[in-house]
Structures are given as C-alpha cells and as structure tokens.
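My structure is below; once you've seen it, I'll send some questions.
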Amino acid sequence: MQEINIVKVGGKVIDNEDARNAFLAKLANIKKNIVLVHGGGKVANQVLESMGIEPKMVNGRRITDAETLKVVTMVYTGLINKTITAKLNSFGRKSVGISGVDGVLLDAVKRPVKDIDYGFAGDITADGVNAQLLVNLVKDGYTPVIATIAADKNAQLLNINADTVASTLAAGLSKIVKTNLYFCFEKKGVLMNAEDDNSVIPVLNKQNYPELLSKGIFADGMIPKLENAFKTLEQGVDKVIIGNSNDIENFFSENHAGTLISK
C-alpha cells in the first residue's frame, strides 16, 4: 500500500443533501485509498434545538453535557454515518461505517476542566489510534467512514472534535504508511476575507499564520482546523489541504485546489 488519504468533510456539505451527494459521487470515483471522517454539528444543533436544548460552542468546540452527548451520539454514529455509508455503497464504492468506539479505533479520555468545562468532550490519548484497523479495512477494499464518537477505558462515551479525529488518525497512520490529509467544506479554502469567497490564501505556513491569527482573519471554527493541520505535519503527515468539496478531485493533482498547509 503506497498511501492512505484522510478526507474530512463537514460544514454545509453535510447539511445539504444535494451538496453531500454530489461530493460523495465524486469521492466514489477517485481511485485512491481513502478514509472519510465526517462532522455533522449543524444537524446535531437542529435536533438539540427541536428538543429545547441550546447548543453551546466555545472557540469552535462543543460543550457536551449529558443530554447533548446522547443526541450527538445518535446523530453522528446513526443518522449521518449510515446515510453517508449507504450512499457511497450505492455509488459502487464499498464502504463501512464505524466510530471511534468500534474496534477501539480511538482511545480517549475526558477532557480535564481548566478554564472551560467541555463536559463529555474527549481527547485522544498519545497512542490512542488503532491505525492497523484502518489499514486492514482499506486493504480489504473498503472505505472506512468514521463518526467522531469515542470512549474511555471505562466505556464512557465521549464527543471528539471531527477535525481533531481526522488529524489524529492521519498522524497515527503516517507512522506506518504515507498519509495525506484533506479538509473539505463549502468554502474554496482558507479565506483572507470571510465575505469574499475568492480571497483564498494559497499557502499557510508557520511564518504567515501567527500574523494573520493576531489580526483576527480566521473564524472560530477554522482555528482548531488550522492548529491540527500544523500539528499533523510535525507528526509525519505528508500533506494537508483545506478546500471546497466540489474540488475534491483536484486535491489529488499537483496543481492542488484550496489552501496548502506547509511547514
């Protein structure tokens, strides 16, 4: 096996059936080894609000109390995961939907309370990625579709940030196989101006990122994505790209679409 490509999809692509299906149709035709990680926060928010529970976010990360945990577990591992898996299978790409719980793909611990109590949000442990499970599935011809719920050693379910899951899986896989990481959402890449879809920053590195961060260029939800991207490069991931789901086929070409995250 030459390489595995971690693709994380989220944002409005997950919420909109037409956009989601268009993305999955393109993904199904890409002749590469792919592991798909999905979010679904906005769908979870809709369900929470319908139940009279106010979603709470801090810096792009969800505060997960006990009732919220029940909802996100049902939405992520159930409705969204199986909808995506079924659609990929219908497009002829053999897929299997799992979460961080299955096969102990992810070993996690409850996030300690510091300045903010995130509730039942989790952090993946240092050696908490069962990379061989994904390698085995890919070798058998399957595309794993990952929902971002994990558990600790006492079987406590935990909600893990989807960008963190994608990044951590990529870092774990990079220890045994060449790994690339792609973040797909509704924008063309990381934008200099959130109101201008064409203001894509072609390359972000450790030189220009701190300056742009200090100027407040990045929205809250983008910050954990970028921080995870830089961390994975340090951990051995070969390449990280952030861009539009419509351009997924071009992510794999030399003239990549979106924003390239570079050392």
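Of all residues in the range 31-83 being of a type in the set (Lys, Arg) and part of a strand (DSSP E or B), which is surrounded by the fewest Cβ atoms within 10 Å (Cβ to Cβ)?
First pass over the range 31-83, keeping only residues of a type in the set (Lys, Arg): 31-32, 42, 56, 61-62, 70, 82.
The next check asks that each one be part of a strand (DSSP E or B); those that pass are 61-62.
Numbers: Arg61: 20, Arg62: 23.
Of everything passing the filter in the range 31-83, Arg61 is surrounded by the fewest Cβ atoms within 10 Å (Cβ to Cβ).
Inside the range 12-30, can you point out the residues that are touching a strand residue (DSSP E or B) at 6+ places or on another chain (Cβ under 9 Å), over 22 Å from Lys139 (Cα atoms) and surrounded by fewer than 20 Cβ atoms within 10 Å (Cβ to Cβ)?
Going residue by residue through the range 12-30, those that are touching a strand residue (DSSP E or B) at 6+ places or on another chain (Cβ under 9 Å) are 12-14, 20, 23-24, 27-28, 30.
Restricting the remaining residues to those that are over 22 Å from Lys139 (Cα atoms) gives 12-14, 20, 23.
Across the range 12-30, the qualifying residue is only Lys12.
From Gly172, Gly189, Gly236, grab the single residue that is surrounded by 20 or more Cβ atoms within 10 Å (Cβ to Cβ), in a loop (DSSP other than H, G, I, E, B) and within 19 Å of the chain's Cα centre (by Cα).
Details: Gly172 fails: in a loop (DSSP other than H, G, I, E, B); Gly236 fails: surrounded by 20 or more Cβ atoms within 10 Å (Cβ to Cβ).
Unique residue meeting the criteria: Gly189.
Now for a different question. List, please: which pairs have Cβ atoms under 6 Å, are six or more places apart or on different chains, and start with a residue in the range 127-147 that is surrounded by 13 or more Cβ atoms within 10 Å (Cβ to Cβ) and end with one that is of a type in the set (D, E, K, R) and part of a strand (DSSP E or B)?
Short answer, once both residue conditions are applied: Gly128/Asp107.
Sticking with this one: Quick test of your reading of the structure: Ser95 fulfils all but one of (1) surrounded by fewer than 22 Cβ atoms within 10 Å (Cβ to Cβ); (2) touching a helix residue (DSSP H, G or I) at 6+ places or on another chain (Cβ under 6 Å); (3) among the hydroxyl-bearing types (Ser, Thr, Tyr). Name the failing condition by number.
Result: Ser95 fails condition (1) only.
Please enumerate the residues belonging to the range 120-152 that are under 21 Å from Val72 (Cβ atoms) and out of contact with any helix residue (DSSP H, G or I) (no Cβ under 7 Å at 6 or more places or on another chain).
Passing the criteria: Ala121, Gly122, Asp123, Thr125, Gly128, Ala150, Ala151, Asp152.
Only one of (1) buried (at least 24 other Cβ atoms within 10 Å of the Cβ); (2) under 20 Å from Gly11 (Cβ atoms) is not met by Thr179, so which one is it?
Every condition holds for Thr179 apart from (2).
Tally up the residues in the range 124-157 that are within 26 Å of Thr83 (Cβ to Cβ) and assigned to a strand (DSSP E or B), please.
Residues flagged as within 26 Å of Thr83 (Cβ to Cβ) and assigned to a strand (DSSP E or B) within the range 124-157 amount to 11.
Among the residues of the range 192-209, count how many are in a strand (DSSP E or B) and modelled with pLDDT under 90.
Just the residues of the range 192-209 that are in a strand (DSSP E or B), to begin with: 200, 203-204.
If we keep only those that are modelled with pLDDT under 90 too, we end up with none.
The total comes to 0.
The values are calculated or read from the model by the stated rules, or taken from the named source; none is laboratory data. Computed from a predicted model, the values in this text were never measured in an experiment. Glycine also receives a Cβ, built like all others from the backbone with ideal geometry; neighbour counts cover every protein chain displayed.
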